[in-house]
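Below is one structure, written out as structure tokens, with a few remarks after it.
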Amino acid sequence: MSALAFTQTDQARRIGEDERARILADPGFGQYYTDFMAHASWREACGWDRGEVVPFGPLYLSPAAAVLHYGQEIFEGLKAFRHADGSVWTFRPERNAERLQRSARRLALPELPTEAFLDSLRAVVTADEPWVPEATSEESLYLRPFMFASEEFLGVRAAHAVEYYVIASPAGPYFPRGVQPLVVWITDEYARAGAGGTGAAKCGGNYASSLLGKREAAEHGADEILFLDSETHTSIDELSGMNVFAITADGRLLTPALTGSILEGVTRESILRLAADRGLEPLEQKLEMSEILAQLGSGEITEMFACGTAAVINPIGEFRAHGGSWRVGDGGSGEITLALRQELTDIQYGRVPDRHGWLTRLV
Ligand code: COI
């Protein structure tokens, strides 16, 4: 079978130039969508087929589609960045392609070949090129590939009909307050994922299960929720959609080890590399919450931050829990945290050499 490619026939834009300019002036996060989307179908009998770029719009789906009942769905998140010469690039997309394949295996969905994944990104960003914000901004075009069970069938088994889409959304800062220190609520009630579960997969269900905790966090004046391991409720897993890091006064960079219950973040992996380059000692290990809080009190830990594709790197200023509250450093944005953020975004926007070969040109 020939490789799956995404072709465009309908070129008509749904949003005019003036309206697009108005949106790009203040896009926020996840509020506006571009003119086009990529789509391909998979059928058990014939595999992947019908790659296309079509106008962005509502989907036609049977109310009996398996995804609506059993949540057989996975997704990815990555960004397209405009460089000063007008070209458009994305960051380590093959890592997202591989993670989508791992998520697909875990959710019994078909794997999309890496080449097809990259072609779908290129096809959408080529069609939606005017939607990629200017290089002078700190904005990007957020790309959201996703795959779900579309088969009209209520029996519980892996679906025989699956759809894959890529939609795109111009993006400013993930948090409405911008890059400001987060207040994080440590939940002692909920867990995000358990051993043998789907925690390492990027599936909608993991995010759905975080929502009640996020509401609890908001009730305590916090921006985000921190989940501990489901078994002992003592060690750090991750936030609702971001990995967690701590920096010690003696130059260690700590993050929870990949146990199968946390997401293997592409930003997480890149930070471990950038930190080592600047002489920090990266350590992936079990992080006991009580020890972390004690080390915040003693000053042994000086900075903490959250990271993900959407939020990039965001300082954590304070933890809250039923037992009290703990300030991180002076409660502000840590110096090393901001330097790592600067370096990562400088690479992504082509402002410094791409010494690790992390960028792929899309347009
Ligand atoms: C991302 O960082 O891209 C994610 O998928 C997380 C989501 C909560 C926005």
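The values are calculated or read from the model by the stated rules, or taken from the named source; none is laboratory data. What you see is a predicted model, and the numbers here were worked out from it, not measured in a lab. Glycine gets a Cβ as well: all are built from the backbone with ideal geometry, and neighbour counts include every protein chain shown. Protein only, heavy atoms only, side chains kept; ligands, DNA and RNA dropped before computing areas. Shrake-Rupley method; radii C 1.70, N 1.55, O 1.52, S 1.80 Å.
Please determine, by comparing only the residues of segment 178-200 that are surrounded by fewer than 23 Cβ atoms within 10 Å (Cβ to Cβ) and within 18 Å of the chain's Cα centre (by Cα), which one is modelled with the lowest pLDDT.
Per the criteria, the residue is Gly178.
Filtering segment 254-284 down to residues that are over 12 Å from Cys307 (Cβ atoms) and of a type in the set (Lys, Arg), which residue is least open to solvent (accessible area, probe 1.4 Å)?
Selected residue: Arg278.
Consider segment 210-223. How many of its residues are under 22 Å from Cys307 (Cβ atoms) and either basic (Lys, Arg) or crowded, with 18+ Cβ neighbours inside 10 Å (or both)?
Adding up the residues that qualify gives 6.
Consider only pairs whose beta carbons are under 7 Å apart and that are at least six residues apart or on different chains; among these, list those whose first residue lies in segment 149-162 and is surrounded by fewer than 22 Cβ atoms within 10 Å (Cβ to Cβ) and whose second residue is hydroxyl-bearing (Ser, Thr, Tyr).
If the second residue must be hydroxyl-bearing (Ser, Thr, Tyr), the pairs left are Glu152/Ser62; Val156/Tyr70; Ala161/Ser150.
Output the residue which, of all residues in segment 10-48 that are open to solvent by 60 Å² or more (accessible area, probe 1.4 Å) and within 16 Å of the ligand (Cβ to nearest atom), is farthest from Leu121 (Cα to Cα).
Gln31
Taking the condition charged (D, E, K, R) and under 14 Å from Ser120 (Cα atoms), does Glu98 pass?
It is false that Glu98 is charged (D, E, K, R) and under 14 Å from Ser120 (Cα atoms).
Among the candidates Glu98, Glu115, Glu94, Glu111, single out the residue that is within 18 Å of Ala3 (Cβ to Cβ), assigned to a loop (DSSP other than H, G, I, E, B) and under 23 Å from the mean Cα position of the chain (by Cα).
Criteria check complete, one pass: Glu111.
All but one of (1) in the same structural domain as Leu112 (by TED's automatic domain parsing); (2) within 16 Å of the ligand (Cβ to nearest atom) hold for Tyr164; state the number of the condition that does not hold.
Among (1) in the same structural domain as Leu112 (by TED's automatic domain parsing); (2) within 16 Å of the ligand (Cβ to nearest atom), the lone unmet condition for Tyr164 is (2).
Could you list, in sequence order, all residues of segment 49-74 that are closer than 30 Å to Thr136 by Cβ and either surrounded by 17 or more Cβ atoms within 10 Å (Cβ to Cβ) or among the aromatic types (Phe, Trp, Tyr) (or both)?
Selection gives Val53, Phe56.
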